[in-house]
Each structure stands twice: as C-alpha cells, then as structure tokens.
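See structure below.
The values are calculated or read from the model by the stated rules, or taken from the named source; none is laboratory data. Just so it is clear, the structure is predicted and the values come from calculations on it, not from any experiment. Using ideal geometry, Cβ is built from the backbone for each residue, glycine included, and neighbour counts are taken over all protein chains shown. Ligands, DNA and RNA are stripped out before the accessible areas are found, and what is left, the full protein with its side chains, is counted by its heavy atoms. Shrake-Rupley method; radii C 1.70, N 1.55, O 1.52, S 1.80 Å.
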Amino acid sequence: MNMSERSFDLVVREIVKWSLAEDIGTGDATTNSTIPEKASARAIILCKEDGILAGIPVANETFRQVDHNSQITFDYSDGDRIKKGKRIAELSGSARGILTAERTALNFLQRLSGIATITAQFRDAVKGTKAKITDTRKTTPGLRVLEKYAVRCGGGINHRMGLYDMILIKDNHIAACGSITNAVKAAKETQRGLKIEVECKSIKDVKEVIGLSDIDRVMFDNMSVDNIEQAVKIVNSRIETEASGGVNLKTVREIALAGVDYISVGYITHSARALDISLEIVSMEG
C-alpha cells in the first residue's frame, strides 16, 4: 500500500471526525451534567492483557478533536509488545474532554491492537520460512486504511488496498470470461501498469497460468497442502506464489512450509478480537 504520511493523517482526521459525531451527537449528556465545565483531570490508559499495540495516531487525534489542549504521552510505540497490567499512556486536560473522547479512542486502540496482535501470532507461526503474512480486502467498511495499518504494526504486509491498485482475477471473473486465458488477455488489453494476479483452484489452473506471459503472482485458493507443494514446484520461482483460504493458526505453518511466498489471511481483519484496554481517571481538579 502506497500512502504518504500526510494522506494517512488526513484519512485519520476524517475517520475520527465521523466517529465522534456518531457517538457525541448533540452532546455528551452524562458527562456534561455531572462534571464541572472547568474541571481538569489526569488519566492513564492500561493494558489488561498481553498484545501488540496499534492505533496511537488515531487515539491522539480523537482526544485532540474533543479537546485541542489535551496532552497525551504514550509509553510505547505502535508495533511494540505490551504486557497485562502495564500503563500504555498518560493524559491530562479537560475532564469533560477526556470522558467524552474515552470510548471512541479506546474503541480504536482495542480494535487496531487486536488486529496487530493476531497478525503477530500468524507472523510468529511462520518464522523460519520464506512466507509472509498478508491481509485481504475483508475489512470493516470505512476503516480499511486503519486496519491495514494495524496489520503492518503486527508484522504483516498489505495486499492490494482496493479494486483499483492491482488486478486480481478470481473465479467469477474467469467464469464470466470463459477461461483463465481469456480473462488474462482482457486484463492485459486494458490495464495500465497494474500487477496481475490469478486465482487458481487446481493444478490444471496453475499449469494454464504458467503458460501465459506477464503474470506477476499466482494464488492457490483453498488447495490442499500436497497440491500447494506440487503447484510451487510447477511455478518453480518464475512468479510469486500465494496461498489463500482455510488458513488458521493450526494450518498456517504447514502451508508456509509448502514453499509459498505469501499467505493471505482474511481472519486477521474480519475476525480479530479487540484487545482489552481501559482508561482510568487518577486525579481531578476544579
């Protein structure tokens, strides 16, 4: 994924803006009725289970948009391992601002840290092989940029960002065109410098792809490990290889040992469990 730091910051700003609008609406009724307007507070963010931290830029932006005078200091960086019971960050500012921003900021930290954590588990499972763990487009609508960022924090790499930055010819495209060869030919006639990847469901498909030119990667979709090993031998390092489908922490190492370059795992974004992170007010003034 190619995105400048400035573009990422702009996306974060807009996502936070809409997320706060969704939560706050016309105002935080509970906080505004119970907390004096001029009260200030100091709070800490705690990790309640081991994991990988992700989401600092989003949490920072959340507190900033609610109270631009708030101060937050993280004790860790995104991608760091964090331990149960450890303080992640300390913040100070308007008590109302902290309490109003709390849930949205924590939602981002918990969700993104959860993705980073499960990604790291998959990455660790394939250590010692050449396989790299990559994500898919199975992300939460509107949050893809953040969730793919979290994958990188966990040591994974990003597949295509969307439908526009790579050609991935899948089974339905092949069915519509009549064959892999026809689909690849049509893509080559219209694509402008985009990489081409073709999904294969059988050894026969792999042999057809290898007979074509200008293919960048072949995906072995829902193939058995034995078939993946056979397919890798057929490809013989002429193009990149990727395995996909039915991948979990119990099967990923065996798939990696079959010799593929990439293993795409939808689970790391569509089914990641939020990491348990909380915020506690430790002092109040005013």
Note to self: Given contacts defined as C-alpha pairs under 8 Å and at least six residues apart, what's the relative contact order of the range 82-233, whole-number percent?
What the structure shows: 15 percent
Next item on the list: Could you work out how far apart the two model spin labels at residue 157 and residue 10 are, taking each label as a point 7 Å from the Cα in the direction of the beta carbon, and quote it in nm?
Entry: 2.7 nm
Next item on the list: Take residue 226, project a point 7 Å from its Cα along the Cβ direction, then tell me which residues of the range 246-265 have their backbone nitrogen under 20 Å from it.
Entry: 246-247, 251-260
Notebook entry, point to check: On average, how much accessible surface per residue is there in the chain, in Å², for a 1.4 Å probe, leaving out ligands, DNA and RNA?
Noted result: 50 Å²
Checklist line | Pairwise FRET efficiency - residue 86 versus residue 138, Cβ, R0 = 41 Å, nearest 0.05 | finding: 0.85
Next item on the list: Could you pull out every one of the lysines with an alpha carbon less than 18 Å from that of residue 83, ignoring same-chain neighbours closer than 8 positions?
Entry: 48
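For the range 131-214, what is the charge dipole size about the Cα centre, in debye to the nearest 20, if Lys and Arg each add +1 at the Cβ and Asp and Glu each add -1 at the Cβ?
Once rounded to the nearest 20, the dipole reads 160 debye.
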Note to self: Could you tell me how far the Cα centroid of the range 166-232 sits from the Cα centroid of the range 65-143, in Å?
What the structure shows: 36 Å
Margin query: Along the Cα→Cβ direction, 7 angstrom out, place labels at residue 26 and residue 210. What is the inter-label distance in nm?
Written below: 6.8 nm
Next item on the list: For the range 1-133, with all protein chains present and a 1.4 Å probe, just round the carbon and sulfur fraction of the accessible area to a whole percent.
Entry: 46 percent
Item checked: the range 152-181 residues near the modelled residue 190 label - backbone nitrogen below 20 Å, point 7 Å along Cα→Cβ -> 160-181
Checklist line | the range 179-263, relative contact order in percent, only Cα pairs under 8 angstrom and at least six apart counted | finding: 25 percent
Checklist line | Under the span-like rule (Cα at least 27 Å along the axis, Kyte-Doolittle mean at least -1.0), DSSP H helices of the chain | finding: 5-24, 95-125
Checklist line | For the chain, alpha-carbon Rg over 2.2 N^0.38 Å | finding: 1.20
Item checked: Rg ratio (alpha-carbon, reference 2.2 N^0.38 Å) - the range 183-262 -> 1.10
Item checked: Carbon plus sulfur fraction of accessible area for the range 160-278, probe 1.4 Å, in percent -> 48 percent
Check: Per the helix-only calculation at 222 nm, which mean residue ellipticity applies to the chain, given -39500 (n - 2.57) for every DSSP H run of n ≥ 4 and division by its residues, nearest 500 deg cm²/dmol?
Finding: -13500 deg cm²/dmol
Checklist line | Prolate/oblate/rounded call for the range 11-59, Cα gyration tensor, a/c under 1.5 rounded | finding: oblate
Margin query: Please report the accessible area of residue 143 (heavy atoms, 1.4 Å probe, ligands and nucleic acids excluded) in Å², nearest 10.
Written below: 40 Å²
